[in-house]
Amino acid sequence: MTATSLAGQQVDPYPEYRRGVVFGATAYGLWGLFPLYWTMLAAAGAVETLAHRMIWSFVLITAIVVWTRRGTPLRAVLRDRRQVLLLTAATALIAANWLGYIWGVTHGRVVETALGYFTGPLVSVLIGVLVLGEHLRKAQWTAVALGTAAIVVLIVGYGEVPWIALVLAFSFSTYGLVKKMAGVPAIESMAVESGLALLPALVYVLFLEAAGAGTFLSLGIGHALLLIGGGLVSVGPLLAFGAAAVRIPLAMIGLLQYLAPVLQFAFGVLVFHEHMPLERWLGFAIVWLALMVLTIDGTRAIRAPAATPR
């Protein structure tokens, strides 16, 4: 939709909204492409890859803090004990999330990682009830019940509890809760989190290299550059997401968030040819139905904010 200026030129009345959609699609699209990246680092193993991801994320976010002159607000965050403690918890949660994701991708379980991010919104609703004491509408209860049924079906389909999916869903949802409680802007939050993770990550990498078990120096320049690039592919989508969050409504972000697991699921099935028996298809179908119910209900709630929860 365009408008006409006094000079007769066509003017876009929603430039920031459109930029926000582009930023959001970029963030979730990059997250959806992650399986292709991390599988190239399978030789390093999940823990070493995670350690390098933390180290190079710190290097990149430090450069961003210096470039944007965010040192003063960063020091203010570091002086706030409550915020530092919450961000310490957030660091542990995102480390668990990243480790579970990298392990799943490099061990042929890309579809299960997609399941984790599909079920994340349902877990967030459950956390809202159990932790924040929120009251759910009927549609939200229906979505949670469908999600629970889907997990039962998928346990049958996998022949075991899909623990990678559950780790990803619960760690990321809890991470979001802790970050919300901390209330720290994106760049400062990322700087503190990467700073807290730097020392253990650096110690682990140096130990591996000293023991001759590390891959950074032994598998060629291409492999080393991929490990270094882990920082860019970690920070880049988060910055794009931050740019989207201030430009578009939460409902649009909620719709865009499904782009990542859709791509991950497609890669798992079409590129990596993971086995999908009928039970798994049925479980995913129930999850998708639950997400449809949750999304429609959320959209209606945003359009009618004064409505009383049923």
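The values are calculated or read from the model by the stated rules, or taken from the named source; none is laboratory data. Everything numeric in this text was worked out from a predicted model, so none of it was measured. As a convention, Cβ positions derive from the backbone with ideal geometry for all residues, glycine included, and neighbour counts pool all protein chains shown.
Observations, loosely collected:
Here is a yes/no grid of residues against (1) surrounded by fewer than 19 Cβ atoms within 10 Å (Cβ to Cβ); (2) over 15 Å from the mean Cα position of the chain (by Cα); (3) among the aliphatic types (A, V, I, L, M); (4) over 26 Å from GLY128 (Cβ atoms):
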{"position": "LEU154", "(1), (2), (3), (4)": "no, yes, yes, no"}
{"position": "LEU168", "(1), (2), (3), (4)": "no, no, yes, no"}
{"position": "GLY183", "(1), (2), (3), (4)": "yes, yes, no, no"}
{"position": "GLU209", "(1), (2), (3), (4)": "yes, yes, no, yes"}
{"position": "LEU225", "(1), (2), (3), (4)": "yes, yes, yes, yes"}
{"position": "ILE228", "(1), (2), (3), (4)": "yes, yes, yes, yes"}
{"position": "SER234", "(1), (2), (3), (4)": "no, no, no, yes"}
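Yes or no, residue by residue, for (1) within 23 Å of SER189 (Cα to Cα); (2) crowded, with 21+ Cβ neighbours inside 10 Å:
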position	(1), (2)
VAL59	yes, no
PRO73	yes, no
GLN83	yes, no
GLY100	yes, yes
VAL105	no, yes
VAL110	no, yes
VAL129	no, no
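For every residue, the table says whether it meets (1) of a type in the set (Val, Ile, Thr); (2) touching a Lys or Arg at 6+ places or on another chain (Cβ under 6 Å); (3) in a helix (DSSP H, G or I); (4) at pLDDT below 70.
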position: HIS275; (1), (2), (3), (4): no, no, no, no
position: LEU282; (1), (2), (3), (4): no, no, yes, no
position: TRP288; (1), (2), (3), (4): no, no, yes, no
position: VAL293; (1), (2), (3), (4): yes, no, yes, no
position: GLY298; (1), (2), (3), (4): no, no, yes, yes
position: ILE302; (1), (2), (3), (4): yes, no, yes, yes
position: ALA307; (1), (2), (3), (4): no, no, no, yes
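- Looking only at segment 137-159, and only at residues there that are part of a helix (DSSP H, G or I) and in contact with an Asp or Glu (Cβ under 8 Å, 6 or more places away or on another chain), the one that is farthest from VAL110 (Cα to Cα): ALA139
- Qualifying positions in segment 260-284 - farther than 19 Å from TYR28 by Cβ, under 22 Å from the mean Cα position of the chain (by Cα) and of a type in the set (A, V, I, L, M): none
- Across segment 211-251, the qualifying residues are those that are polar (S, T, N, Q) and outside any helix (DSSP H, G or I), and the one among them that is modelled with the lowest pLDDT is SER218.
- Residue within segment 46-66 that is outside any helix (DSSP H, G or I), more than 23 Å from THR174 (Cα to Cα) and of a type outside the set (Ser, Thr, Tyr) present: no
- If you go through segment 102-158 and pick out every residue that is at pLDDT 80 or above and of a type in the set (Asp, Glu), you end up with 1.
- The residue that is farthest from ILE286 (Cα to Cα), counting only those in segment 73-132 that are among the polar types (S, T, N, Q) and within 18 Å of the chain's Cα centre (by Cα), is THR88.
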